[in-house]
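Below is one structure, written out as structure tokens; comments come after it.
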Amino acid sequence: MNQEHIDFFISIVGKENVYSDKAHKIAYCYDATKERFEPDAVVFPRDEQDVSKVLKYCNEHKIVIVPRGAGSGFTGGALPSNGGIILSLERHMNKLLEIDMENMVGVVQPGLVNMQFQKAVEEVGLFYPPDPASEEYSTLGGNVSENAGGMRAAKYGITKDYVVALRAVLPNGDIIVAGKKTIKDVAGYNTAGILIASEGTLAVITQMTLKLIPKPKFKKTYMGIFPDVNKAMNAVFKSLAAGANPVAMEFLDALVIKALKEKFPQVDLPQDAGGILVGDVDGSSLADVNAQLETLKESFSQNGSIGFIIAKDEEESKKLWFARRNASPATAIYGTKKLNEDISVPRSKLPEALDGIYAIGKKYGFNVPCFGHAGDGNIHVNVMVKDKNNPKEMEDGHKAIKEIFQFVVDLEGTLSGEHGIGLSKAPFMNIAFTQAEINLFKNIKKAFDPNNILNPHKMGL
């Protein structure tokens, strides 16, 4: 990156929006993976036209561009692993442009934080369900680029289910519109569907139209307690098949429960709990909510539960949710390095999946505490390495992860339910996809980005 390039970016967005100093390079060199790759510069576009001009210039000069929101990803999707410029959308392109009450959609820029959008639409009686754990700081553009999930996915689905239309800039600077504000649209290819979960490798998303629904009037929190996690996992798919429709159905296994009791003594969990399911039920009437809870209670009981708790108020709800929300930090008692993955399997395969994951952990001598979104089959697997400075342990940890991926794919599962592929899972793409499928991905990438300037080598492309 020479000064001529820097000067051109300054001429587009202004000196106050271009940085090539060491401090900014360090600030934008990492994400939640803690891997570090310094960019050559950081550029803050002010609007879509800025994005277009920057991309066109970079395409002509073969300069790598990495789009970035909050940098909260777990797979290195926003890391400048090949240098180039970070195109940061957080500073200026972070506005809520419209809440269309008649058509029940919100129009937003990619840098708007998820939680800010949720609060804004709830103030007018509407609801945006996708709620990744990073909702307080992750951006909606990042959510779309990774197809983020969240705890409410069991009932309401994930980000892709709420994207009505997108505006985006192609690597050559062309501006495209993918989708319309209409409910139905079958004209042309589903370009928006291709851009969702593309991890910034195909285009830079500059605007999103997101579907909203009426805000539910009533909500209650429940917790089902089981003697072991296998019984809890059986209760998941059997309860849903019986007609239960919870907003969330999160699980904790015995290792997580043990860690929570040790790390957070104030957590009031039964001594004999070997598996826990916790979640919310909502509805338009209190009768509907109570009927849903009764269905869950009955189904849980038929599948071996030893207790069923319903929160009496918001304070009790927070207490029940405390254990789930602190599952991840609690697992630190098992090692100095956590190799965490977010595999997903068909819900009916959850018991078999956990049995196999524990067996692989035992084979290599690791504790593998698991928790996550049982209601949609998404398991957060945590291979706990006791000593991260021991090369043999780290090597075995990565071997265990690879075996877990292969095992999960053999169960008709997938490598990731919400974190994406990025850099960290790219080496495992050949486990989940045939060479013909990978070649198709590469051809799609080439069609959008023939010069390979936009977030290259992510997802193994």
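The values are calculated or read from the model by the stated rules, or taken from the named source; none is laboratory data. Being a predicted model, the structure only gives us computed values, none of them experimental. Cβ placement follows ideal geometry from the backbone for every residue including glycine, while neighbour counts extend to all protein chains displayed. Please note that ligands, DNA and RNA were not included when accessible areas were found on the heavy atoms of the full protein model with its side chains. Shrake-Rupley method; radii C 1.70, N 1.55, O 1.52, S 1.80 Å.
Scan segment 334-353 for residues that are assigned to a helix (DSSP H, G or I), open to solvent by less than 60 Å² (accessible area, probe 1.4 Å) and either in contact with a helix residue (DSSP H, G or I) (Cβ under 6 Å, 6 or more places away or on another chain) or over 19 Å from ASP228 (Cα atoms) (or both) and the total you get is 3.
Evaluate segment 387-394: report whether one residue or more is basic (Lys, Arg) and in contact (Cβ under 8 Å) with a residue 40 or more places away in the chain. Scanning segment 387-394, I find at least one residue that is basic (Lys, Arg) and in contact (Cβ under 8 Å) with a residue 40 or more places away in the chain, so the answer is yes.
With the condition kept exactly as written, say whether any residue in segment 369-376 is open to solvent by 20 Å² or more (accessible area, probe 1.4 Å) and either outside any helix (DSSP H, G or I) or of a type outside the set (Val, Ile, Thr) (or both). So far as segment 369-376 goes, yes, one or more of its residues are open to solvent by 20 Å² or more (accessible area, probe 1.4 Å) and either outside any helix (DSSP H, G or I) or of a type outside the set (Val, Ile, Thr) (or both).
Pull out all pairs, ordered by first then second residue, where Cβ-Cβ is under 8 Å, the residues are six or more apart or on different chains, the first lies in segment 222-237 and is closer than 21 Å to VAL289 by Cα, and the second is among the aromatic types (Phe, Trp, Tyr) and modelled with pLDDT under 95. No pair meets every condition.
Annotation note: of LEU126, LEU112, LEU140, the sole residue that is closer than 15 Å to THR209 by Cα, within 12 Å of the chain's Cα centre (by Cα) and open to solvent by less than 30 Å² (accessible area, probe 1.4 Å) is LEU140. You will find that of LYS56, LYS95, the residue that is closer than 22 Å to THR159 by Cβ and among the basic types (Lys, Arg) is LYS95 and no other. Checking each residue in segment 162-210 for being of a type in the set (D, E, K, R) and either over 17 Å from GLY77 (Cβ atoms) or loosely packed, with under 14 Cβ neighbours inside 10 Å (or both) picks out ARG167, ASP174, LYS180, LYS181, LYS184, ASP185.
Applying the criterion of being assigned to a helix (DSSP H, G or I) and small (Gly, Ala, Ser) to the residues of segment 283-314, the residue that is nearest to PRO214 (Cα to Cα) is ALA287.
May I ask you to list the residues in segment 79-108 that are touching a Gly at 6+ places or on another chain (Cβ under 9 Å), open to solvent by less than 20 Å² (accessible area, probe 1.4 Å), under 30 Å from SER328 (Cα atoms) and not in a strand (DSSP E or B)? Correct list: LEU79, LEU89.
Could you tell me whether any residue of segment 447-458 is in a helix (DSSP H, G or I), closer than 20 Å to ALA332 by Cα and open to solvent by 50 Å² or more (accessible area, probe 1.4 Å)? The answer is no, given that none of the residues of segment 447-458 is in a helix (DSSP H, G or I), closer than 20 Å to ALA332 by Cα and open to solvent by 50 Å² or more (accessible area, probe 1.4 Å).
The set of residues from segment 30-46 being under 12 Å from ASN17 (Cα atoms) and open to solvent by 10 Å² or more (accessible area, probe 1.4 Å) comprises just one member, ARG46. Contact map, segment 279-292: residues that are among the aliphatic types (A, V, I, L, M) and buried (at least 20 other Cβ atoms within 10 Å of the Cβ) paired with residues that are assigned to a helix (DSSP H, G or I) and at pLDDT below 95, Cβ distance under 8 Å, separation 6+ or inter-chain. No pairs are found.
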